[in-house]
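The values are calculated or read from the model by the stated rules, or taken from the named source; none is laboratory data. Since the model is a prediction, treat every value here as computed from it, not as a measurement. Cβ placement follows ideal geometry from the backbone for every residue including glycine, while neighbour counts extend to all protein chains displayed.
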Amino acid sequence: MKYDFDEVIDRRGTNAMNTDGFREYIFKAEGDMVFPYKDDEFIRMWIADMEFATPPEIIEAIKERLDKRIFGYSQVFDPNYYLAVVGWTQRFYNWTFSQEQLVTSPGIIPALYELAEYICKSDEKVLILTPSYAFFKAAADYNGLELVCSELINQEGHYTINYEDLEAKARDEKVSLCIFCNPHNPSGRVWTKEELQRVGKICLENGVWIISDEIHCDLLRNGQVHTPMAKLFPDSDRIITCMAPSKTFNMAGLMFSNVIIPNETLRGTWKARHYGFENPLSIVATQAAYLHGDEWLRQLKNYLDENFIFTKQYLNRYLPEAIFHIPEATYLAWVDISAYVPKEENLPLFFANHAGVLLEDGKMFVANAEGYIRLNLACPRSTLEEGLRRVCKVLTENPLILNLT
Ligand SMILES: Cc1ncc(COP(=O)(O)O)c(C/N=C2\CONC2=O)c1O
């Protein structure tokens with residue numbers, strides 16, 4: 001079956017954050033914010049969900065469950081759920097784990113909040129690498145824990161880990177947890193085995209737990225290989241792995257993710273404290289994704305690769321001073337436009353007002369990301385081209401708007 005990723009789907013009236021939540025999330029606006037563009041005139045390249053229909057195989061599984069017509073309290077009791085999940089991790093990552101280690105969460109963000117609370121004492125600290133997905137910081141903030149940041153080294157847009165800095169911070173006896181993004185949002189790095197081994201060794205030797213957030217691990221450029229961090233440390237029970245179908249199959253709204261907790265005590269705390277009931281539609285959707293999603297994902301990856309090549313060529317031609325490398329993973333383009341914009345510019349507001357494009361900028365990724373914008377490329381090519389046209393036009397044809405003399 002050939003899936004249609006060129007189809008433009010109307011998401012209006014679906015309570016989508018993407019179409020209706022941007023004022024509060026990007027601009028922290030309480031009430032209505034008025035822009036020179038109507039809401040449906042924006043090209044939306046901000047939040048990380050996709051403009052593609054969720055695979056029909058998943059939708060079919062949901063429909064079959066709907067026909068059962070009762071949606072009472074539910075949990076994963078069917079052993080075939082676990083078999084579907086480890087079947088996927090075996091096929092794609094040559095990695096499995098025992099069934100008792102698997103728990104589920106209504107999302108990875110809530111899992112981060114809970115795990116930080118269960119792992120860290122109140123006077124301890126959470127270590128992250130920046131730039132970082134903002135909710136890693138929130139996991140520390142909402143638990144009243146001090147955040148410690150280790151800045152990634154950025155060499156002309158290629159990010160690597162500053163091991164000396166990371167080790168110095170991991171040595172702090174109050175640092176008890178590292179939330180590690182593997183693959184990395186927003187840079188799109190796929191960490192190599194060697195990089196993962198160095199990070200894991202530094203953390204584990206200093207008694208630092210690791211949450212390896214691997215939500216983007218299926219969304220690789222063709223040819224890239226993801227290594228689960230825990231796969232490299234089979235003798236450790238201090239690495240918690242978070243994976244989910246939500247990013248891969250555009251089903252974040254079904255709020256269902258997998259958390260692999262090898263440590264028995266921590267798992268016991270999770271089971272005692274976590275609200276364990278689950279959405280029965282999300283259970284069947286996730287199981288169907290991991291059983292029947294291979295071909296759709298294969299075609300999605302090819303389409304995304306082509307979107308990235310298109311973007312690289314477009315920016316080379318129309319925004320030559322921008323620094324952009326096709327990322328090894330994610331569907332997010334991380335673009336340094338500092339050559340075109342003053343440091344103090346509020347970039348999301350600028351692009352919303354002057355280009356009709358909704359995007360996130362480096363200031364939304366904790367630190368170490370000034371002058372960057374992040375563009376969601378998981379959209380039909382026609383939408384992507386219009387978004388890129390608007391971004392490049394406003395930066396090159398209207399420099400006065402930016403007070404660039
Ligand atoms: C690294 C990472 N972890 C967790 C999540 C969210 O997991 P959930 O709670 O949905 O299961 C995201 C989603 N990233 C997004 C969502 O919108 N923009 C982003 O960058 C993410 O990038």
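Which pairs turn up if I take residues in the stretch 333-358 that are within 21 Å of L384 (Cβ to Cβ) and look for partners that are surrounded by fewer than 19 Cβ atoms within 10 Å (Cβ to Cβ) and among the hydroxyl-bearing types (S, T, Y) with beta carbon separation below 7 Å, at least 6 apart in sequence or on another chain?
Once the first residue is within 21 Å of L384 (Cβ to Cβ) and sits in the stretch 333-358, its partners that are surrounded by fewer than 19 Cβ atoms within 10 Å (Cβ to Cβ) and among the hydroxyl-bearing types (S, T, Y) give G356/Y37.
State the number of residues belonging to the stretch 17-51 that are part of a loop (DSSP other than H, G, I, E, B), more than 17 Å from F135 (Cα to Cα) and either within 14 Å of the ligand (Cβ to nearest atom) or not aliphatic (A, V, I, L, M) (or both).
Looking only at that region, the number is 11.
Just give me the residues in the stretch 22-51 being touching a Cys at 6+ places or on another chain (Cβ under 8 Å) and more than 13 Å from L358 (Cα to Cα), in sequence order.
Hits for the stretch 22-51 are M50, E51.
Test each condition in (1) within 24 Å of N80 (Cβ to Cβ); (2) more than 16 Å from the ligand (Cβ to nearest atom); (3) in a loop (DSSP other than H, G, I, E, B) for I215 and report the one that comes out false.
(2)
Mind listing just one residue for me: the one in the stretch 90-116 that is within 16 Å of the ligand (Cβ to nearest atom) and either among the charged types (D, E, K, R) or part of a strand (DSSP E or B) (or both) and, of those, nearest to V175 (Cα to Cα)?
E114
Going by what's in this entry, would F5 be described as in a loop (DSSP other than H, G, I, E, B), within 24 Å of T248 (Cα to Cα) and not assigned by TED's automatic domain parsing to the domain that holds N307?
yes
I'd like the residue in the stretch 53-89 that is outside any helix (DSSP H, G or I) and charged (D, E, K, R) and, out of all such residues, is nearest to L219 (Cα to Cα).
So the residue we want is D78.
If I ask for residues that are within 16 Å of the ligand (Cβ to nearest atom) and not in a loop (DSSP other than H, G, I, E, B), which ones from the stretch 320-346 would you list?
A329, L332, A333, W334, V335
Failed condition for E278, given (1) within 16 Å of the ligand (Cβ to nearest atom); (2) under 20 Å from K301 (Cβ atoms), with all others met?
(2)
Quick one: in the stretch 29-75, of everything that is touching an Asp or Glu at 6+ places or on another chain (Cβ under 6 Å) and surrounded by 18 or more Cβ atoms within 10 Å (Cβ to Cβ), which residue is farthest from A288 (Cα to Cα)?
The qualifying residue farthest from A288 (Cα to Cα) is I43.
Quickly run through the stretch 287-329 and pick out the residues that are without any contact (Cβ under 8 Å) to a residue 12 or more places away in the chain and more than 23 Å from V225 (Cβ to Cβ).
Q313, N316, R317, P320
Which of the residues belonging to the stretch 147-206 are at positive phi and under 22 Å from the mean Cα position of the chain (by Cα)?
The answer is G157, G188.
List the pairs whose first member sits in the stretch 176-190 and is in contact (Cβ under 8 Å) with a residue 40 or more places away in the chain and assigned to a loop (DSSP other than H, G, I, E, B), whose second member is charged (D, E, K, R) and near the ligand (Cβ under 8 Å from one of its atoms), and whose Cβ atoms are under 6 Å apart, counting only residues at least 6 apart or on separate chains?
Every condition considered, the pairs that remain are P186/R374.
Listed here are the residues, each with its yes/no results for (1) more than 25 Å from S105 (Cα to Cα); (2) among the β-branched types (V, I, T).
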position: Y133; (1), (2): no, no
position: K137; (1), (2): no, no
position: D141; (1), (2): no, no
position: P186; (1), (2): no, no
position: V190; (1), (2): no, yes
position: I202; (1), (2): yes, yes
position: E214; (1), (2): no, no
position: C217; (1), (2): no, no
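Restricting to the stretch 360-377, name every residue that is assigned to a strand (DSSP E or B), in contact (Cβ under 8 Å) with a residue 60 or more places away in the chain, away from the ligand (no atom under 12 Å from the Cβ) and farther than 16 Å from H158 by Cβ.
none
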